[in-house]
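Trainee: This structure is in structure tokens; I'll ask about it shortly.
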Amino acid sequence: MEHRIGVRRARGRDTVNQIVLGLIHAAMPAITGYRAAARERLEACRTKDGTFWRVAAGLGQHASERYQSATLLIQEGRLWDAEILLRSAAEAVFKLLFIARAEEAERVKRLEEYSVTLSRIADLRQSERARSKLATLPGDSPDCSVFAAIVLPPEAEAQIRAQLPRKVRQALNAKWSFSEIIDWLDSTMTARGLPSVTLTILHTYGISSHVLHADERGLALVHDRMARDDDVRAKLENAHAARLLSDVIAFYALTVIALEGVAAIGDTQSLRDAHVAHGTFRAQTEPVHAAFRATQATMYRSIGRPYPTQSHTGTDRET
């Protein structure tokens, strides 16, 4: 789970570039610390539960690669694209938490569901759709070979339906939906005295969903930013970059929380160093958030409206 950044000049004005580049470098000690702590715990899982280790390593690697790409996008000022990438990373981290924080018997069950059963359900759904599409194509269509390659033999489809009836498939898909995972984690982790995950993810996930699907809200966010005065837009983009980097750090920290139960590793020096670095980063981002909040407070006063409640990261809801 490496995390690298390139050293290149981001597009845009130098003042914005230097602030964002400074934020990226300020985030690196916390990222490095939590990554080291996650590695320690992942390695310990290898001998304790090989199946869990393989799944955790795959999810962790997927998330880590998205963090790296998102960081490069942040450096280039492509903040909405970074937002979308971090949505994918969030899904990997929260699936890992969903598996890892379950009691042992349920954890074994969820590993089987994630690794095998959900894949079989997806294969059946894909086969059914391909078979339906094939029925509409002329026999000499070049697309026939594409769809035919993913159609399961009738006996294979029948076997999946017999072993996993429709109601079972529906229940499993619901169980593994993002909203159900978040609800379960929130109640379970809070009951165990662990941090609530809702504030960490729902703001980011909601914004990324709007932008990803190009719905009215997503386009409105993008267009509103483009219409801002240069100074306000620059401060907003700085605050947005700071929030995205805070999310990367939070996801690394949540990975440690996911792994530590199975690894049976508690406090370590790398984790203590990460906590200190995380606190330092938060302090370094506060002036960036404060600068943007000041522009918003001024704007709301000018139109005679109260300044709205801030998000969990201390920035305006838009970021």
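Trainee: Restrict the check to the range 174-195 and report whether at least one residue is over 28 Å from SER115 (Cβ atoms) and surrounded by fewer than 16 Cβ atoms within 10 Å (Cβ to Cβ).
Mentor: Within the range 174-195, one or more residues are over 28 Å from SER115 (Cβ atoms) and surrounded by fewer than 16 Cβ atoms within 10 Å (Cβ to Cβ).
Trainee: Something else now. Any idea which of ASP247, ASP186, ASP224, ASP231 is within 17 Å of the chain's Cα centre (by Cα) and in contact (Cβ under 8 Å) with a residue 24 or more places away in the chain?
Mentor: ASP247
Trainee: Restricting attention to the range 273-285, does a residue exist that is at pLDDT 65 or above, farther than 20 Å from HIS203 by Cβ, outside any loop (DSSP other than H, G, I, E, B) and among the β-branched types (Val, Ile, Thr)?
Mentor: Yes, the range 273-285 contains at least one residue that is at pLDDT 65 or above, farther than 20 Å from HIS203 by Cβ, outside any loop (DSSP other than H, G, I, E, B) and among the β-branched types (Val, Ile, Thr).
Trainee: When the residues of the range 258-274 are narrowed to those that are under 19 Å from ALA27 (Cα atoms) and in contact with a helix residue (DSSP H, G or I) (Cβ under 7 Å, 6 or more places away or on another chain), which ends up surrounded by the fewest Cβ atoms within 10 Å (Cβ to Cβ)?
Mentor: ASP273
Trainee: Also: Select from the range 65-91 the residues that are of a type in the set (Gly, Ala, Ser) and either within 19 Å of MET28 (Cα to Cα) or buried (at least 20 other Cβ atoms within 10 Å of the Cβ) (or both) and list them in ascending order.
Mentor: SER69, ALA70, GLY77, ALA82, ALA89, ALA90
Trainee: Follow-up question, since we're still on this one. Please work out if LEU212 is surrounded by fewer than 18 Cβ atoms within 10 Å (Cβ to Cβ) and touching a residue at least 24 places away in the same chain (Cβ under 8 Å).
Mentor: So LEU212 fits the description; yes.
Trainee: Moving on to the next point. Is the range 263-271 home to any residue that is over 20 Å from ASP186 (Cα atoms), among the acidic types (Asp, Glu) and at pLDDT 95 or above?
Mentor: No, the range 263-271 contains no residue that is over 20 Å from ASP186 (Cα atoms), among the acidic types (Asp, Glu) and at pLDDT 95 or above.
Trainee: Among residues belonging to the range 286-300 that are at pLDDT 65 or above and out of contact with any helix residue (DSSP H, G or I) (no Cβ under 6 Å at 6 or more places or on another chain), point out the one that is nearest to ILE257 (Cα to Cα).
Mentor: GLU286
Trainee: Here's another thing I want to ask about it. Out of LEU59, LEU42, which single residue is within 15 Å of the chain's Cα centre (by Cα), at pLDDT 95 or above and in a helix (DSSP H, G or I)?
Mentor: Of LEU59, LEU42, the one residue that is within 15 Å of the chain's Cα centre (by Cα), at pLDDT 95 or above and in a helix (DSSP H, G or I) is LEU59.
Trainee: In the range 113-149, what residues are of a type in the set (A, V, I, L, M, F, W, C) and surrounded by 14 or more Cβ atoms within 10 Å (Cβ to Cβ)?
Mentor: Once the filter is applied, which keeps residues that are of a type in the set (A, V, I, L, M, F, W, C) and surrounded by 14 or more Cβ atoms within 10 Å (Cβ to Cβ), the range 113-149 yields LEU118, ILE121, LEU124, ALA130, LEU134, LEU137, CYS144, PHE147.
Trainee: Taking the range 256-272, which residues are without any contact (Cβ under 8 Å) to a residue 24 or more places away in the chain and outside any helix (DSSP H, G or I)?
Mentor: GLY266, ASP267
Trainee: Kindly provide the set of residues from the range 81-139 that are part of a helix (DSSP H, G or I) and of a type in the set (Val, Ile, Thr), ordered by number.
Mentor: Once the filter is applied, which keeps residues that are part of a helix (DSSP H, G or I) and of a type in the set (Val, Ile, Thr), the range 81-139 yields ILE84, VAL93, ILE99, VAL108, VAL116, THR117, ILE121.
The values are calculated or read from the model by the stated rules, or taken from the named source; none is laboratory data. A quick note: this is a predicted structure, and the numbers were derived from the prediction, not measured. All Cβ positions, glycine included, derive from the backbone under ideal geometry; neighbour counts span all protein chains shown.
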